[in-house]
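First comes the structure, then the notes that go with it.
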């Protein structure tokens, strides 16, 4: 009897710790609150409000936004990798005016088709080949005689 193994299900689901909030989201919110607290202690009110809005927006985006079913941080990392070293390299050669003018003045001759005609085999050659195949090699075309199977015994 074959061995049975338990296959883990839903391995891409994150563990929830506080209601619908996952560990990753909780840590991002915690870091955002810490940054806002440090900004509150160090900056004047107008600067604090600016930093708090930016930090809260980034924290909320990275913590709770999903793009195509994936967390935003994975989308952001993929976008950075794509922009830093794209996998598809497109060659876009723009031609100078001199190259275009040179092409206009060049006469292009039509391509020459070279076809070789094969000689049609003679019907006697086809007949000989079919007889060789049908007789299993007993027929010899150079003799034009059929060798009987008695000659091989």
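Coordinate-derived values only; no laboratory data. Predicted model only: the values in this text are computed from it and were never measured. Cβ coordinates were reconstructed from backbone atoms using ideal geometry, including for glycine residues, and neighbour counts include every protein chain displayed.
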Assign one of three labels to the range 1-125, namely rounded, prolate or oblate, based on the Cα gyration tensor with a ≥ b ≥ c the square roots of its eigenvalues; rounded applies when a/c is under 1.5, prolate when it is not and a/b is larger than b/c, and oblate otherwise.
oblate
Compute the convex hull volume of the Cα atoms of the range 16-84, divide it by the residue count, and report the result per residue in Å³ as a whole number.
104 Å³
Percent relative contact order for the range 1-136, counting Cα pairs under 8 Å at least six residues apart, stands at 13 percent
To the nearest 10 degrees, how steep is helix 45-64 against the longest Cα principal axis of the chain, on a 0 to 90 scale?
40 degrees
Grab the beta carbon distance between residue 13 and residue 91, set R0 = 35 Å, and tell me the FRET efficiency rounded to 0.05.
0.20
Put a dot 7 Å past each Cα toward the Cβ at residue 78 and residue 142; how far apart are the dots in nm?
7.2 nm
Projected label distance in nm at residue 115 and residue 33, using a 7 Å step from Cα toward the beta-carbon:
8.4 nm
Helical mean residue ellipticity (222 nm; -39500 (n - 2.57) per DSSP H run of 4+; nearest 500) of the chain:
-16000 deg cm²/dmol
Cut-off is 10 Å between beta-carbons; in what order do 130, 109, 56 appear when sorted fewest neighbours first?
109, 130, 56
For residue 102 and residue 47, compute 0.36 nm times the residue count separating them, minus their Cα-Cα distance, and round to one decimal in nm.
13.6 nm
